Amino acid sequence: MTKRSNGAEGTGAPDPAGPPGRRATAVATGGRMMLVETSATSRVFIYMLGKFLQRMEQERRDLYFGDLDLARVMEVVSLASVEPGMRDAAFREKHSSLASIVGIDGQRATNATSIANATGIPRETIRRKLKQLQSLGVIIEKEPARYVVQPGILQQPERQEAFARGIRATVAFMNECLEQGVVRWVPKPVDGGQEG
């Protein structure tokens, strides 16, 4: 992602270092999940995590013609484009659903150098992948050599179905971890303190 020295400059999003406003925060919960750290569960966790990651990688391969580098570049552009907004409560509320389209002006553009830094993929490879994504119509050049997601592309039925499968697989993985005793739910202490 791109580094910012002056908050969310030029993104249209509130500056996170600026005056306090309505910022997105984690929802207060009655506790949290914690890893059960024993030698008996570590292999089970790694096995379940491996199966989960394999399923997710197959989804990415299917969506991006078997090209995981293309998938990674698209994912970084997608994440960078909404990252400042996701820290703003109003933006987050408006765009909490993947059915919501974020327009060009609501997105922060990113460049090949930032994507290369985020992924470890060589910059020249990134440039080729960006050209390919542009030709596929999934990203656009917002400013010279700076890219955002084409508004509406994430709402295409095949992408929405892939997202839904990914969400279901993630919830199933979390539930498997709970059922297998690899993680446990730790209720928040009554006095409001934090456990471990």
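Read-outs throughout are calculated quantities, based only on the coordinates presented, and are distinct from any laboratory measurement. These numbers were taken from a predicted model, which means no experiment stands behind them. Reconstructed Cβ throughout: ideal geometry from the backbone, glycine too, with neighbour counts over all protein chains shown.
May I ask for the net charge around ILE115, where only other residues with Cβ less than 10 Å from the Cβ of ILE115 are counted and Lys, Arg are +1 while Asp, Glu are -1?
That sum, taken over residues with Cβ under 10 Å, equals +3.
Test of the criteria: in region 61-159, which chymotrypsin sites (Phe, Trp or Tyr not before Pro) are in a DSSP loop and have at most 10 other Cβ atoms within 10 angstrom of their Cβ?
PHE65
If R₀ is 35 angstrom, what is the calculated FRET efficiency for the pair THR170 and ARG123, using the beta carbon separation as r and rounding to 0.05?
Numbers: r = 31 Å, r/R0 = 0.89.
That gives a FRET efficiency of 0.65.
For the charge dipole of region 36-184, defined by +1 on Lys and Arg C-beta atoms and -1 on Asp and Glu C-beta atoms about the Cα centroid, which residue among LEU70, ALA112, VAL138 has the Cα displaced farthest towards the positive pole?
Selected residue: ALA112.
Tell me, what is the percent relative contact order of region 39-156, built from C-alpha pairs under 8 Å that lie six or more residues apart?
For region 39-156, the relative contact order is 26 percent.
Can you give the direction-averaged projected area of the convex hull of the alpha-carbon atoms in region 36-184, in nm²?
One quarter of the hull surface, i.e. the mean projection, equals 10.3 nm².
With charges set only on the Cβ (+1 for Lys and Arg, -1 for Asp and Glu), what does the dipole of region 36-184 come to about its Cα centre, in debye to the nearest 20?
That gives region 36-184 a dipole magnitude of about 200 debye.
In what order do ASP62, ASP69 fall by count of nearby beta-carbon atoms within 10 Å, going from fewest to most?
Working: ASP62 13, ASP69 16.
Ascending Cβ contact count within 10 Å gives the list ASP62, ASP69.
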